[in-house]
Amino acid sequence: MKIGFSCSIGDFIEQKKGIKRMNEQDGSNKRYLSNDCAACNTEMRIAKTGDLEKLKLIWKLCFGDEDQYIDTYFNYRNWKEETAVLLKDGQIVSMLSMIPADIVLEEGTRQKSAMIYGVATHPDHQKMGLADELMRFCNQYLAAQEIGTTFLVPAGESLFRFYEKRGYKEAFYLCQRELTGIQARKLEVPDRLSLKLCVAEPVEYNAARRSFLAGSTYIDYRDEEIRHQKRISNQSGGDLYLIQRDGETATAGKASVIGCAVIEQSSELTVIKELLAEEQYLASAVKHIGGIIPADRYLVRTPAFSGRSLGGIVSAFGMVRINNGDMFPSDQAYLGIAFD
């Protein structure tokens, strides 16, 4: 993909080298806070308060989300420090978010990472390579903060190849199964097991999530991200849930809690975006959800290392790019919640 600059690529590269030399001389970190090319009439920087309405407009034009969803994303988040923008002729035309998260390895070691999210370029400026350049800027910016790993979830199959050419590789495999409402309610489960769903607060859900994923490699979100997912689920009529044995008090991490789930609903499909439970409880959990939240169809997502009892199909859900020497077992890591 060609970069849509009015100057030559050589001029642009030479200017970047000049910025680097100046920063090396004065010890500053300006290169990662703003990167511009006067001849190109472009600038890349971290977002400011006055950028908000322009960012919302680009988001709506590119993704078509309703205003309520867009407001939920920006109004309750520290979006300024986590958003990068590209300006052309002084106007914001491209944007993306960098959501902080930790990669937790099997032995419990943590690595700082960031999720690249909401990559969008105004329709009038697409197919010029601007988002591509902004992503390179963000990887440099994050590397300066010792965040050496970025990950993302492509919006469609065709984008896996697009991001592969930009240094990302397939990762975060999921087991997915689609069932009709009848199939969900007819799953064979132990007769003696009686379950109930309990609405969970973000902190409760995150504690349960960490408990069920302990000993595996996974993306660990801040409570702020789980709170955002709860708002998204609530807007659809769904929620965050703890799954517990009926008749017992639900407390995250206690024996009575046998699973947790993130659920979003629509008129045609109920998506169980994340279902974490021991294999022996998965079918019971899906059947119970099907009885309480009726739907024509269900899409169930579990980690790749579970879901066999549901007969799901394993496939790559996301992609990862390693910018330093961090270890990352991409064929085993779990992402799950991705605000997709």
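Quick notes on this one:
- Failed criterion for E146 (all others in (1) part of a helix (DSSP H, G or I); (2) over 25 Å from D65 (Cβ atoms); (3) charged (D, E, K, R) hold): (1)
- Among the residues of segment 288-305, those identified as crowded, with 20+ Cβ neighbours inside 10 Å and either part of a helix (DSSP H, G or I) or at pLDDT below 90 (or both) are H288, I289, G290.
- Criterion violated by L275 - all others in (1) in a strand (DSSP E or B); (2) of a type in the set (A, V, I, L, M, F, W, C); (3) farther than 15 Å from V189 by Cβ satisfied: (3)
- Condition broken by S158, with the remaining ones in (1) among the polar types (S, T, N, Q); (2) more than 20 Å from the chain's Cα centre (by Cα); (3) surrounded by fewer than 15 Cβ atoms within 10 Å (Cβ to Cβ); (4) closer than 29 Å to F63 by Cα satisfied: (2)
- The lone exception for P123 - which of (1) over 21 Å from the mean Cα position of the chain (by Cα); (2) free of Cβ contacts under 8 Å to residues at least 60 places away in the same chain; (3) surrounded by fewer than 21 Cβ atoms within 10 Å (Cβ to Cβ) it fails: (2)
- Considering segment 215-233, and only residues there that are of a type in the set (V, I, T) and in contact with a Pro (Cβ under 9 Å, 6 or more places away or on another chain), the residue that is nearest to T149 (Cα to Cα) turns out to be T217.
- Top-ranked residue of segment 198-228 - restricted to ones that are touching a helix residue (DSSP H, G or I) at 6+ places or on another chain (Cβ under 8 Å) and closer than 17 Å to T302 by Cβ, ranked as surrounded by the fewest Cβ atoms within 10 Å (Cβ to Cβ): R209
- In segment 126-135, the residue that is surrounded by the most Cβ atoms within 10 Å (Cβ to Cβ) out of those that are touching a residue at least 24 places away in the same chain (Cβ under 8 Å) and of a type outside the set (A, V, I, L, M, F, W, C) is E133.
- Within segment 72-88, no residue that is assigned by TED's automatic domain parsing to the domain that holds E224 and surrounded by 14 or more Cβ atoms within 10 Å (Cβ to Cβ) sits with its Cβ atom under 9 Å from a residue that is outside any strand (DSSP E or B) and of a type outside the set (D, E, K, R) at 6+ positions apart or across chains.
- Flag for R45 being surrounded by 17 or more Cβ atoms within 10 Å (Cβ to Cβ), modelled with pLDDT of 50 or more, assigned by TED's automatic domain parsing to the domain that holds M128 and in a strand (DSSP E or B): yes
- Checked against the criterion of being over 21 Å from H228 (Cβ atoms) and out of contact with any Cys (no Cβ under 9 Å at 6 or more places or on another chain), the candidates T42, T83, T72, T49 yield just one match: T42.
- Residue match in segment 203-223 (condition: hydrophobic (A, V, I, L, M, F, W, C), under 30 Å from P294 (Cβ atoms), outside the structural domain of S256 (by TED's automatic domain parsing) and under 18 Å from the mean Cα position of the chain (by Cα)): no
Per-residue answers, yes or no, for (1) on the phi < 0 side of the Ramachandran plot; (2) part of a loop (DSSP other than H, G, I, E, B); (3) aliphatic (A, V, I, L, M); (4) at pLDDT below 90:
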| residue | (1), (2), (3), (4) |
| --- | --- |
| K2 | yes, yes, no, yes |
| F5 | yes, yes, no, yes |
| D11 | yes, no, no, yes |
| C40 | yes, yes, no, yes |
| I58 | yes, no, yes, no |
| W79 | yes, yes, no, no |
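- Residues in segment 89-118 that are surrounded by fewer than 21 Cβ atoms within 10 Å (Cβ to Cβ) and polar (S, T, N, Q): 3 in all.
- Cβ separations smaller than 9 Å between residues 6+ apart or across chains give the following pairs from segment 144-169 residues that are among the acidic types (D, E) to residues that are surrounded by 12 or more Cβ atoms within 10 Å (Cβ to Cβ): E146/K112; E164/E170; E164/M319.
- Of everything in segment 108-143 that is of a type outside the set (S, T, N, Q), in contact with a helix residue (DSSP H, G or I) (Cβ under 6 Å, 6 or more places away or on another chain) and in a strand (DSSP E or B), the residue that is nearest to L57 (Cα to Cα) is A120.
The values are calculated or read from the model by the stated rules, or taken from the named source; none is laboratory data. None of the values given here were measured: they were computed from a predicted structure. Don't worry about glycine lacking a Cβ; one is built from the backbone with ideal geometry, like all the others, and counts go over all protein chains shown.
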